[in-house]
1. When residues of the range 91-121 are filtered for being within 12 Å of the ligand (Cβ to nearest atom), over 12 Å from the mean Cα position of the chain (by Cα) and outside any helix (DSSP H, G or I), how many remain?
2. Checking residue 209 against (1) within 14 Å of the ligand (Cβ to nearest atom); (2) free of Cβ contacts under 8 Å to residues at least 40 places away in the same chain; (3) surrounded by fewer than 18 Cβ atoms within 10 Å (Cβ to Cβ); (4) within 18 Å of residue 111 (Cα to Cα), only one condition comes out false. Which one?
3. Looking only at the range 221-243, how many residues end up being touching a strand residue (DSSP E or B) at 6+ places or on another chain (Cβ under 6 Å) and either within 16 Å of the ligand (Cβ to nearest atom) or modelled with pLDDT under 95 (or both)?
4. Can you confirm whether residue 246 is surrounded by fewer than 20 Cβ atoms within 10 Å (Cβ to Cβ), modelled with pLDDT of 95 or more and within 21 Å of the chain's Cα centre (by Cα)?
5. For the range 276-304, what are the residues that are more than 12 Å from the ligand (Cβ to nearest atom), buried (at least 18 other Cβ atoms within 10 Å of the Cβ) and closer than 30 Å to residue 229 by Cα?
6. Checking residue 141 against (1) away from the ligand (no atom under 12 Å from the Cβ); (2) crowded, with 20+ Cβ neighbours inside 10 Å; (3) under 21 Å from the mean Cα position of the chain (by Cα), which test does it fail?
7. Take the residues in the range 243-275 that are in contact with a His (Cβ under 8 Å, 6 or more places away or on another chain) and among the charged types (D, E, K, R); name whichever of them is nearest to residue 228 (Cα to Cα).
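The values are calculated or read from the model by the stated rules, or taken from the named source; none is laboratory data. The model shown is predicted, which means the values in this text are computed figures rather than measured ones. Cβ placement follows ideal geometry from the backbone for every residue including glycine, while neighbour counts extend to all protein chains displayed.
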Amino acid sequence: MPDIDILAVSKLSPLFTPQLQAAYRVHDRLHESNPAALTALAPRIRAIAASGESKVSAALIEQLPALEIISVMGVGYDGIDVAAAKARGVVVTHTPDVLNDDVADLAIGLMLCAARQLPAADRYVRAGQWSQGPMPLARKMSGARLGLVGMGRIGQAIAHRALAFGMSVAYTARNARPALPYRFLADAESLAAESDFLVVITPGGAGTRRMIDAKVLAALGRSSPQKGILVNVARGSVVDEAALIDALERGVIGGAGLDVFEDEPNVPERLRALPQVVLVPHIGSATGQTRQAMADLAFANLQAKFAGTPLPTPVPECR
Ligand code: NAP
């Protein structure tokens with residue numbers, strides 16, 4: 001029996017669980033199912049295994065005196081109280097880079113689906129409507145202007161793909177990256193005003209909360225006669241969802257493609273009722289190949305910690 005105890009704070013991927021269970025004693029969501037048992041076990045828990053959507057509060061960290069590492073299987077870690085972890089000397093790791101391709105592929109897919117109305121076209125054929133005539137014309141993506149809110153690892157992978165569509169690329173972030181061949185704009189509103197597609201790919205958390213608000217959406221709507229399209233593959237918290245629904249219902253923007261939502265898995269009925277919106281259930285990194293690579297990297301971080309070797313991918317705050 002392995003002699004290191006780990007608390008899994010979310011239902012972990014079946015691609016992660018077998019290797020974790022082979023190497024460690026894993027306690028699955030004990031903090032939720034049996035808090036009293038966790039209290040008894042707390043002095044032995046040396047690691048937390050989490051997913052990108054997990055919440056790890058300062059209170060939970062406080063409750064685990066032997067905690068050394070929080071390993072997140074995901075690149076986003078906005079649900080982890082990193083400041084509280086650092087204050088206790090607990091390192092936080094995540095799984096950057098291995099999911100760039102999948103999230104960028106999905107962003108391009110959502111742009112195409114929203115512009116060319118692919119889900120609606122599929123429904124059109126299935127419902128037998130084709131025999132009554134052609135669908136209304138859609139809009140062209142190739143050659144259009146892409147605005148990226150966020151130009152990190154995934155933002156750059158999206159930009160790279162957009163170039164193959166003959167798109168122009170501009171971006172906003174807190175810092176310009178002069179080495180990149182893309183135009184930098186100081187804020188999301190000015191970027192939206194010059195974008196046919198505005199794609200959001202920043203981290204979640206307090207720094208970006210509701211950054212895409214009614215003003216940004218109004219600017220996106222004014223960007224061209226066809227009105228701009230919003231795509232969010234970042235976190236639901238980055239977009240003011242009520243303002244987005246209002247903008248879509250009133251035809252302020254041209255459409256949207258959304259992978260992430262404010263209160264997952266609950267998607268507001270008003271959003272689900274809108275035909276010009278493409279909705280997918282947070283599947284940015286959800287391919288077998290990428291989830292396996294993420295699981296392997298999350299596991300490698302745990303193994304390195306307990307072997308006393310350098311951690312492959314600590315979060316920037318813990319480097
Ligand atoms: P990254 O390399 O850290 O890039 C983040 C980008 O956002 C950087 O350009 C950063 O630039 C910018 N940024 C950060 N805070 C900002 C702020 N307050 N205002 C404006 N820009 C800001 O991260 P990544 O690997 O590309 O991942 C980005 C995010 O994608 C993740 O954190 C996660 O939330 C999301 N994600 C979603 C899925 C999915 O399934 N849909 C999958 C993976 C990742 P500056 O630091 O210069 O501001």
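1. So the count comes out to 4.
2. With (1) within 14 Å of the ligand (Cβ to nearest atom); (2) free of Cβ contacts under 8 Å to residues at least 40 places away in the same chain; (3) surrounded by fewer than 18 Cβ atoms within 10 Å (Cβ to Cβ); (4) within 18 Å of residue 111 (Cα to Cα) applied to residue 209, the lone miss is (4).
3. Residues in the range 221-243 being touching a strand residue (DSSP E or B) at 6+ places or on another chain (Cβ under 6 Å) and either within 16 Å of the ligand (Cβ to nearest atom) or modelled with pLDDT under 95 (or both): 6 in total.
4. no
5. Hits for the range 276-304 are 277, 278.
6. Evaluating residue 141 over (1) away from the ligand (no atom under 12 Å from the Cβ); (2) crowded, with 20+ Cβ neighbours inside 10 Å; (3) under 21 Å from the mean Cα position of the chain (by Cα) leaves (3) as the failure.
7. Only one residue fits best here, namely 259.
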